[in-house]
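Everything on this sheet refers to the single structure shown next.
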Amino acid sequence: MLGVGAEARHTQVKDVPDPLLQSDDRLFGERSYVQRASSNSTAAYAELELPLSPRLSGELAWRFDRSQQVGSAVSPKLGLRWRAAESLLLRAT
């Protein structure tokens, strides 16, 4: 069995402080300002399940993430599933 997918996301934030925090009529602290920020991120993944025997299967997976703020990352995964008994499934990744 094979699964593939992709994701694209745009995040936008606007922080508007209370008017009292923006004014100069404060006893303590610094003046707060309106702040805006945005970022883009994308990801792609693939996952493959390989039956090795009637009770044992393997899993290979790969994910690639790219973010404007953090950079790029690759996340591989290797796993096994063993059905030791009808009511017992053991997994390892």
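The values are calculated or read from the model by the stated rules, or taken from the named source; none is laboratory data. Bear in mind that the values here come from a model prediction, so they are computed numbers and not experimental data. Neighbour counts are summed over all protein chains in view; Cβ atoms, including those assigned to glycine, are modelled from backbone coordinates with ideal geometry. The area values use the complete protein model at the heavy-atom level, side chains included, leaving out ligands, DNA and RNA. Shrake-Rupley method; radii C 1.70, N 1.55, O 1.52, S 1.80 Å.
Residue-wise test of (1) of a type in the set (S, T, N, Q); (2) in contact with a helix residue (DSSP H, G or I) (Cβ under 7 Å, 6 or more places away or on another chain).
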| position | (1), (2) |
| --- | --- |
| SER32 | yes, yes |
| SER38 | yes, no |
| ALA43 | no, no |
| ALA61 | no, no |
| SER72 | yes, no |
| GLY79 | no, no |
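How about region 48-91: which of its residues are over 30 Å from GLN12 (Cβ atoms) and hydroxyl-bearing (Ser, Thr, Tyr)?
Those that are over 30 Å from GLN12 (Cβ atoms) and hydroxyl-bearing (Ser, Thr, Tyr): SER53, SER57, SER87.
Enumerate the strands (runs of 3 or more DSSP E) found wholly within region 29-93, keeping only those where 2 or more residues are without any contact (Cβ under 8 Å) to a residue 24 or more places away in the chain and open to solvent by 100 Å² or more (accessible area, probe 1.4 Å).
Output list reads 35-51, 71-85.
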